[in-house]
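Structure, as structure tokens:
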Amino acid sequence: MPSCELCGRNMKGRGRNVEIEGAQMNVCPQCASRFGGSEAVSGRHGLSAPKVKPSWVGEARRPAPKVPSISSPPKRSPKPRSSGTLLDDMMLVEDYAKIIQTARQRKKLNQEELAQKVGERISTLQAIEAGRLKPTRKTIRGLERELEISLLEPIDAVPIKTSGGSSGGGPTLGDRVVVKRKKSQKSD
């Protein structure tokens, strides 16, 4: 059974001989209709197709669009910098599932309505409310907007505890490593 030279599908019958961008190919009906080209015609002198130029050859040159003369670049007002925390410096709160569920119930929305407003599938919203799935940033923003809640909290810097044994002043790798031993080594 022959296969399509373009997509590789097995074809019933011989397929279609088509010229696609100047190349003769034996393709399936789906590829022939999708990628167009002209049907090859069998003649006495073998296989010949009407000469069709590829789309990029022989196009009439279009005049270049006129660019207005630039006297000075347009003035842009500087964007006001927010004093808030960046999204990268935020993390999802631990009890996000409970917060979403109670806020949805407070707004008297069912899961289907909320999913539609946020632009998510209902199954995705159900998994988020059950705590099985963490929402994406887009979903978090949609839920915060619709339910008027906050699901993100700033990431706090965690202080590193050091033992008094380091001489350089800063923590070393040895201060952070916890060595686990096998049971056979613990009895020694």
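The values are calculated or read from the model by the stated rules, or taken from the named source; none is laboratory data. Not measured: the values here are computed from a predicted model. Virtual Cβ from ideal backbone geometry, glycine too; neighbours counted across all protein chains shown.
Data overview
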{"read-out": "All strands (runs of 3 or more DSSP E) inside the stretch 7-48 with 3 or more residues being among the acidic types (Asp, Glu) and modelled with pLDDT of 80 or more", "value": "none"}
{"read-out": "Conditions (1) in contact with a helix residue (DSSP H, G or I) (Cβ under 9 Å, 6 or more places away or on another chain); (2) at pLDDT 90 or above; number of the one not met by ALA127", "value": "(1)"}
{"read-out": "Options ILE149, ILE99: the member that is crowded, with 16+ Cβ neighbours inside 10 Å, outside any loop (DSSP other than H, G, I, E, B) and of a type in the set (A, V, I, L, M, F, W, C)", "value": "ILE99"}
{"read-out": "Some residue of the stretch 77-89 being modelled with pLDDT of 60 or more and within 14 Å of ARG141 (Cα to Cα)", "value": "yes"}
{"read-out": "Residue satisfying all of: in the stretch 102-146; in a helix (DSSP H, G or I) and of a type in the set (Ser, Thr, Tyr); surrounded by the fewest Cβ atoms within 10 Å (Cβ to Cβ) among these", "value": "SER123"}
